[in-house]
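Single-structure report; data block below.
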Amino acid sequence: MTQLDSPSHTTTTAHPVLPRRRSRRALWLGGAAALALVLAVLLSVGLGTLRLDPLEAVRAALVAPDSSQVSTVVWSIRLPRIVVAVLVGGALAGVGVVMQAVFRNPLADPGVTGVSSGAAVGAVAGITLGLGGSLQWGVPLAAFAGSLAVALALQAVLHANRGASTYTLILVGVSINAFAGAVISVLVANAKDDALARGAVFWLAGDLELRTWNHAAMAVVPIVLGLALLLTRTRALDALLLGDDVAATSGYDVHRTRLVLLLVASLVTGAAVAVSGVISFVGLVVPHAVRLVIGAKHSLLLPISVVCGSLFLVLADTAARAVSTTAVVQTGAVSAVVGAPVFLALLLSRRTA
């Protein structure tokens, strides 16, 4: 009996120490990520196909735009692209945290519900129908409409099946992804000409080329408001991560809470995908890596993952632009090339541990 009591006493004594350590880690990681993001933005301003003097480019970014060539390149081409990268990276990482808590699975990501695929269907339809040439916001609006349609369909499924398990929701996402893939194949195969088909395939790979302030303006409101709303639900995320029974005994309406979280996360994902294309691994790798460092407390995990997601995508986009003088490299390709091995390493190290 004494032997059984001893571990319990040790655990109780050590318990307050671990949260303090993780809080200090979170503080250091958050501060370092924020500083690194600022440095990455300044670095990204000076890199690209047209090489600019780094100090001159940074100086141009910090003052009002004028008629000089440096100012035009910085304010009309690079800064909008960087702002979109910050928004999209933060959105995908934040939604990844939410999906992993809702589905209680560290392998979940924004594409698991099919919302990214819905946005892809809308965008490909807009491209193959020629909306990109006739309407300035034609393709982003079509992508957002596709994501919204899937989000509403998901809401209808959840409303009709109040007792649906997380496995049911994952299967619904698998079905939507399969259906969307088939529709995309049909649209690309029946494009009016080869240029439109190539444009659709290029968009599906995810890229931030030719992003403008209009794209940033379109994405900023739903992404910022959506992430702000999710940040107010961190306790609910903690409860859901422990299981439906724990969440229910904590006073949460599990069905309603999950529905609200998934709907908001879906709309944030749709807004991000609408202006960037399908960029993989940000919502999967970033939250997983941050969780290994600071733990699963969502009041820390969610905001730090958002900052780290923005940092990750800004660096990926900067790398894509830096090598674009010798080959066409998309932001989504860099994200996948970096994210896939990093995620595999994290997975293997976690399994070994």
The correct count of residues that are at pLDDT 85 or above, over 22 Å from A327 (Cβ atoms) and not β-branched (V, I, T) in the stretch 41-85 is 5
Name the pairs: first residue in the stretch 282-296 and within 19 Å of V314 (Cα to Cα), second residue of a type in the set (S, T, N, Q), Cβ to Cβ under 7 Å, at least 6 apart or on different chains? V282/S335; V286/S305; P287/Q100; P287/S305; V290/S305
Which of the following residues is open to solvent by less than 10 Å² (accessible area, probe 1.4 Å), in a helix (DSSP H, G or I), touching a residue at least 40 places away in the same chain (Cβ under 8 Å) and out of contact with any Cys (no Cβ under 8 Å at 6 or more places or on another chain): V88, V74? V88
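Being open to solvent by less than 70 Å² (accessible area, probe 1.4 Å), within 26 Å of V121 (Cβ to Cβ), modelled with pLDDT under 85 and out of contact with any His (no Cβ under 6 Å at 6 or more places or on another chain) is true for just one of I176, I170. Which residue is that? Can you show your working first?
Working: I176 fails: modelled with pLDDT under 85.
Residue meeting the stated conditions: I170.
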Given (1) assigned to a loop (DSSP other than H, G, I, E, B); (2) closer than 28 Å to V278 by Cα; (3) among the aliphatic types (A, V, I, L, M), number of the condition L52 does not satisfy: (2)
With the first residue restricted to the stretch 96-115 and required to be within 11 Å of L284 (Cβ to Cβ) and open to solvent by less than 20 Å² (accessible area, probe 1.4 Å), and the second required to be of a type outside the set (K, R) and in a loop (DSSP other than H, G, I, E, B), Cβ contacts under 7 Å at 6 or more apart or on different chains are G96/D109; M99/A108; M99/D109; Q100/P106; Q100/A108
Looking at this structure, is A239 over 29 Å from A142 (Cβ atoms) and assigned to a helix (DSSP H, G or I)? yes
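Table: residues versus (1) within 18 Å of V286 (Cβ to Cβ); (2) without any contact (Cβ under 8 Å) to a residue 40 or more places away in the chain.
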| position | (1), (2) |
| --- | --- |
| A26 | yes, no |
| G31 | yes, yes |
| L37 | yes, no |
| L42 | no, yes |
| V45 | no, yes |
| R51 | no, yes |
| E56 | no, yes |
| A60 | no, yes |
| V63 | no, yes |
Set V275, V260, V307: member being within 18 Å of P110 (Cα to Cα), touching a His at 6+ places or on another chain (Cβ under 8 Å) and at pLDDT 85 or above: V275
Reported set for the stretch 186-220 where residues are farther than 15 Å from I82 by Cα, part of a helix (DSSP H, G or I) and free of Cβ contacts under 8 Å to residues at least 12 places away in the same chain is V186, A189, D194, A195, R198
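Listed here are the residues, each with its yes/no results for (1) exposed (fewer than 14 other Cβ atoms within 10 Å of the Cβ); (2) more than 29 Å from V329 (Cα to Cα).
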site: V183; (1), (2): no, no
site: A189; (1), (2): yes, no
site: L204; (1), (2): no, no
site: A219; (1), (2): no, no
site: P222; (1), (2): no, no
site: G226; (1), (2): no, yes
site: L229; (1), (2): no, yes
site: L237; (1), (2): no, yes
site: L242; (1), (2): no, yes
Restricting to the stretch 101-131, name every residue that is over 18 Å from the mean Cα position of the chain (by Cα), of a type outside the set (V, I, T) and part of a helix (DSSP H, G or I). G122, A125, G126, L131
Output for the stretch 269-302, where each listed residue is surrounded by 24 or more Cβ atoms within 10 Å (Cβ to Cβ), closer than 30 Å to R20 by Cβ and of a type in the set (G, A, S): G283
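The values are calculated or read from the model by the stated rules, or taken from the named source; none is laboratory data. Remember, it's a predicted structure, so these values are computed and weren't measured experimentally. Note that each Cβ is placed from the backbone with ideal geometry, even for glycine, and that neighbours are counted across all protein chains shown. Side chains are part of the model used for accessible areas, which takes the heavy atoms of the whole protein and leaves out ligands, DNA and RNA. Shrake-Rupley method; radii C 1.70, N 1.55, O 1.52, S 1.80 Å.
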